[in-house]
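A.B. asks: Below is one structure. I have some questions about it.
The values are calculated or read from the model by the stated rules, or taken from the named source; none is laboratory data. All of these numbers come straight from a predicted model, not from anything done at the bench. Positions of Cβ are backbone-derived with ideal geometry, glycine not excepted, and every protein chain shown enters the neighbour counts.
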Amino acid sequence: MTMPLNQTLLARATAKLGPQVSLALGLLVLAILVAMPLLHLLPADHALHVSAYSLTLVGKILCYAIVALALDLVWGYAGMLSLGHGLFFALGGYAMGMYLMRQSAGDGLPAFMSFLAWTELPWYWYGTSNFLWALCLVVLAPGLLALVFGFFAFRSRIKGVYFSIMTQALTFAGMLLFFRNETGFGGNNGFTGFTRILGFDITAAGTRAALFIATVALLVGSLYLGFRLARSKFGRVLTALRDAENRLMFCGYDPRGYKLFIWVLSAVLCGLAGALYVPQVGIINPSEMAPTQSIEAAVWVALGGRGTLIGPLLGAGLVNGMKSWFTVAFPEYWLFALGALFIVVTLFLPRGVVGLLKKEKEQ
Amino acid sequence: MPTALTRILLGLLLLLPLTASANEADAFVAANPAKQAKLLQDWAAAPVPERLPLLQALQQGRVAGDADKRAFIQRNDAWQAADGQAQPNGTPRKLRLNNRLRGLTATALASHQLLDKDAAVRLDAAQQLQRNTPPALLPLLESRLAAEEDERVQDALTLALANLQLAAEDPAVRLAAVERLGQTGDPLARTRLESLLTGEESDAAVRSAAEKSLAQVKNKLLVGELLGQAFSGLSLGSILLLAALGLAITFGLLGVINMAHGEMLMLGAYTTYMVQLMFQRLAPEYLALYPLLALPIAFLVTACIGMALERTVIRHLYGRPLETLLATWGISLILIQLVRVTFGAQNVEVANPYWLSGGVQVLPNLVLPYNRIVIIGFALFVVALTWLLLNKTRLGLNVRAVTQNRNMAACCGVPTGRVDMLAFGLGSGIAGLGGVALSQIGNVGPDLGQSYIIDSFLVVVLGGVGQLAGSVTAAFGLGVLNKFLEPQIGAVLGKILILALIILFIQKRPQGLFALKGRVID
């Protein structure tokens, strides 16, 4: 690696900014995020009311931010660029979607199965009407897939571009599989038309607010986890692995376990984010697994700044904010903007926005 | 005056069938549908060449009747009486045939066409008669078979005859028919034999012979199917090869995966479209040759774009392969959107010239399309060309040197920057050639490249870098495996299985099939 990225970049950046300032900023953002759902509970004609649209939009971006953070853990810290994180995200989403479909279908079969003239649920739908089991699936489905894939990939020391290509092929295969009606996940249309979650109306203001709070909590939790990891010896080994895997091996470390752990952890985080995404947005379909989606997540991380914890969140916010604005204002030009973003970020912003801020501070 | 007499007689003889046919036409027009069906059946059993125009007109819906129930045939928008010069009484009304009559007309027409001089027409007719033929045609088929000289028409007639004889009273005839069906490799024979076996065939000998024949037919069909799958596998492999060859070169040289490589295919296909348009406007008489001109133009266009990309973007990212991947992905997004804005999101139409359409029938259930055969040959040609370029030219020597050891090559005076640029141009140009090939067999749209790019990455991963043999083996291997798995477990599961197999394979050979040996470690 020509550009040794320091894993304590965040710590140093905050040291320059002054811990008080950054802490204050962080707390301010957190306060706004906590306030938003509460303001949503106000009556619709109130001046401070936050509309369901904005709440859903921000909630969606927060879910993406978790994905970005998870991707940053494997890419920014361990140096493995995954182009298949959309698969884990979608698997978590589908696991939650199964529960939601069962809730809205009551005792009967989900509507799309009746259209296919199926008379009973496939075996993997067993127990999905139970919320706790659905939660287990949210963790298990992406986690196990990541474990199996990671085990074989790291065992044969697939890395760098090879690893990226294999993960991309993985999510592509997943997408093809879920597009089929026979797979039992609603084919093209995926899951939609949810009505209830845990007995509550899914469109009610209270439910929306609670889901939003849960997303914020997950984000803060994963941020804290990432922070602890980055500061631990484990994080240092990961960084060493990214910068010089062979030398790390010569020092007597076995990189496989480290890689596998962070890889599975990242996948599970993605799955959880997907599980929170689905009830808020109200739909999950196989296009979430499209390679494009996963690769877009990489640009969130790259824009914000790899190897930092705040960077990916910033990047996810910036890109998705821009996307929402562009697709309304100039839908034709969004792909141009996104493509240009990919090029500009990699050419001129190798450390992302956070690196830029830091550099300005240093001068 | 014998000559005059002969002439008169001959003239009369010539007139006779004409009037007969004219009378027949009048009779047909005047008859009710049940009688018309009877007429058609009679005609089918006893064909005369003179009736052919009437039947053709019937099939094409050009026969009409006027108020006097006389038959008229439409020719070039004018009405001509079937029996000469008579003018229609009022505007003739076209006959409307129901489905049954239309079927009978087709059969009658086929039986008449059996008398045609052209063997191809006879073959078509015989094949038509293999389906739904009335037993009354049995003597006709037998006599035609005896008179037939062309081997393929004989085969087709044999089958048609055997189909009829399956319903014969005499078990011996049925037995012979069953045995004859067993010698053909026709899908129709299988259905006939299967329906015979499930039906009420009482004769045990016929039954066992039918079972044996069915097994024979199935064997022959299986051969055709397997060959067909192998062929479509080779065809897919040749396309993957064209897509992956350039990718493998640039990846081996620069360690860079060019995500915009698929878009080079797409641009090559669009260049073909443009060349086709140009030919349609400027030189429609040479339209059939447009793919030949499209090849160099597509190569130049995509090679120039590739070199421009290398100089402006990729050059600055050497040593950072993952960033290159993202940047080239950005380029691909821009290119796709650019094409979508320019040409529209719909597919554009690229037509096969006549020499690429159609195919050669090898077995009754195996047709090899010309365009696919040509593309397989073309892919091999491109590989040979690339091999020559890499192994016999100065540029190739430089490329190989830089691939093996960039720093050492630079020390020896190889202009690595220019080699990178040219190699990138070469890789993109090959993709452009692949685009021309793709435009001849599939849809040309902005997303064309996306559908091939992942597979061609897998080819590169599997084949390893720096060796053409690896790419060739991997491309054809993946293509054939894909097509053999498809009918067994479906296209999607096949793809997933292949991915799993590749992951397992890489466990054994992490550097691909044909790895360059080296002792470098970072």
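A.B. asks: When you check residue B:338 against the structure, is it under 29 Å from residue A:351 (Cβ atoms) and in the same structural domain as residue B:447 (by TED's automatic domain parsing), yes or no?
C.D. replies: It is false that residue B:338 is under 29 Å from residue A:351 (Cβ atoms) and in the same structural domain as residue B:447 (by TED's automatic domain parsing).
A.B. asks: Still on this structure, please answer the following. For residue B:324, indicate whether it is under 30 Å from residue A:242 (Cβ atoms), in a helix (DSSP H, G or I) and β-branched (Val, Ile, Thr).
C.D. replies: Yes; evaluated as a whole, the condition is true for this residue.
A.B. asks: Is it the case that residue A:258 is away from chain B (no Cβ under 14 Å) and under 17 Å from residue A:70 (Cα atoms)?
C.D. replies: yes
A.B. asks: Here's another thing I want to ask about it. Of the numbered conditions (1) in a helix (DSSP H, G or I); (2) within 14 Å of another protein chain (Cβ to nearest Cβ), residue B:288 satisfies every one except a single condition; which is it?
C.D. replies: That leaves (2) as the condition not met.
A.B. asks: Can you name the number of the only condition in (1) touching a residue at least 24 places away in the same chain (Cβ under 8 Å); (2) within 14 Å of chain B (Cβ to nearest Cβ) that residue A:344 fails?
C.D. replies: Going through the list (1) touching a residue at least 24 places away in the same chain (Cβ under 8 Å); (2) within 14 Å of chain B (Cβ to nearest Cβ), residue A:344 breaks only (1).
A.B. asks: Are there helices (runs of 4 or more DSSP H) fully within the range A:186-264 with at least 3 residues that are over 23 Å from the mean Cα position of the chain (by Cα)? List them.
C.D. replies: A:233-243, A:245-250
A.B. asks: If you take the residues of the range A:155-184 that are more than 9 Å from chain B (Cβ to nearest Cβ) and within 21 Å of the chain's Cα centre (by Cα), which of them is surrounded by the fewest Cβ atoms within 10 Å (Cβ to Cβ)?
C.D. replies: Across the range A:155-184, the extreme among qualifying residues is A:175.
A.B. asks: What is the one condition in (1) touching a helix residue (DSSP H, G or I) at 6+ places or on another chain (Cβ under 8 Å); (2) buried (at least 18 other Cβ atoms within 10 Å of the Cβ); (3) not acidic (Asp, Glu) that residue A:41 does not satisfy?
C.D. replies: Failed condition: (2).
A.B. asks: Looking at (1) in contact with a Pro (Cβ under 7 Å, 6 or more places away or on another chain); (2) closer than 30 Å to residue B:150 by Cα, which is the one condition that is false for residue B:79?
C.D. replies: (2)
A.B. asks: Could you grab me the full set of residues in the range A:117-154 that are β-branched (Val, Ile, Thr) and under 17 Å from residue A:197 (Cβ atoms)?
C.D. replies: Within the range A:117-154, A:128, A:138 meet the criteria.
A.B. asks: Another question, if that's okay. From the list A:57, A:83, pick out the single residue that is assigned to a loop (DSSP other than H, G, I, E, B) and either within 16 Å of residue A:277 (Cα to Cα) or within 14 Å of chain B (Cβ to nearest Cβ) (or both).
C.D. replies: Sole residue among the options that is assigned to a loop (DSSP other than H, G, I, E, B) and either within 16 Å of residue A:277 (Cα to Cα) or within 14 Å of chain B (Cβ to nearest Cβ) (or both): A:83.
A.B. asks: Report, by residue number, each residue of the range A:64-99 that is in contact with a Ser or Thr (Cβ under 9 Å, 6 or more places away or on another chain) and within 26 Å of residue A:110 (Cα to Cα).
C.D. replies: Listed by number, the residues that qualify are A:86, A:87, A:88, A:89, A:90, A:95, A:97, A:98, A:99.
A.B. asks: Tally time: how many residues in the range B:361-372 are in contact (Cβ under 8 Å) with a residue 12 or more places away in the chain and either among the β-branched types (Val, Ile, Thr) or at positive phi (or both)?
C.D. replies: So the count comes out to 1.
A.B. asks: Quick check on this structure: which one of A:140, A:116 is touching a helix residue (DSSP H, G or I) at 6+ places or on another chain (Cβ under 9 Å), within 15 Å of residue A:186 (Cβ to Cβ) and of a type outside the set (S, T, N, Q)?
C.D. replies: A:116
A.B. asks: If you check residue B:273 against the conditions, is it over 18 Å from residue B:455 (Cα atoms) and either within 14 Å of chain A (Cβ to nearest Cβ) or within 22 Å of the chain's Cα centre (by Cα) (or both)?
C.D. replies: For residue B:273, the condition - over 18 Å from residue B:455 (Cα atoms) and either within 14 Å of chain A (Cβ to nearest Cβ) or within 22 Å of the chain's Cα centre (by Cα) (or both) - is met.
A.B. asks: Right, another one. For the range A:292-310, check the following and say yes or no: at least one residue is within 14 Å of another protein chain (Cβ to nearest Cβ), modelled with pLDDT of 90 or more, out of contact with any Gly (no Cβ under 9 Å at 6 or more places or on another chain) and crowded, with 23+ Cβ neighbours inside 10 Å.
C.D. replies: Within the range A:292-310, one or more residues are within 14 Å of another protein chain (Cβ to nearest Cβ), modelled with pLDDT of 90 or more, out of contact with any Gly (no Cβ under 9 Å at 6 or more places or on another chain) and crowded, with 23+ Cβ neighbours inside 10 Å.
A.B. asks: For the range B:316-348, which residues satisfy the criterion of being away from chain A (no Cβ under 11 Å) and free of Cβ contacts under 8 Å to residues at least 40 places away in the same chain?
C.D. replies: Answer for the range B:316-348, where residues must be away from chain A (no Cβ under 11 Å) and free of Cβ contacts under 8 Å to residues at least 40 places away in the same chain: B:342, B:344.
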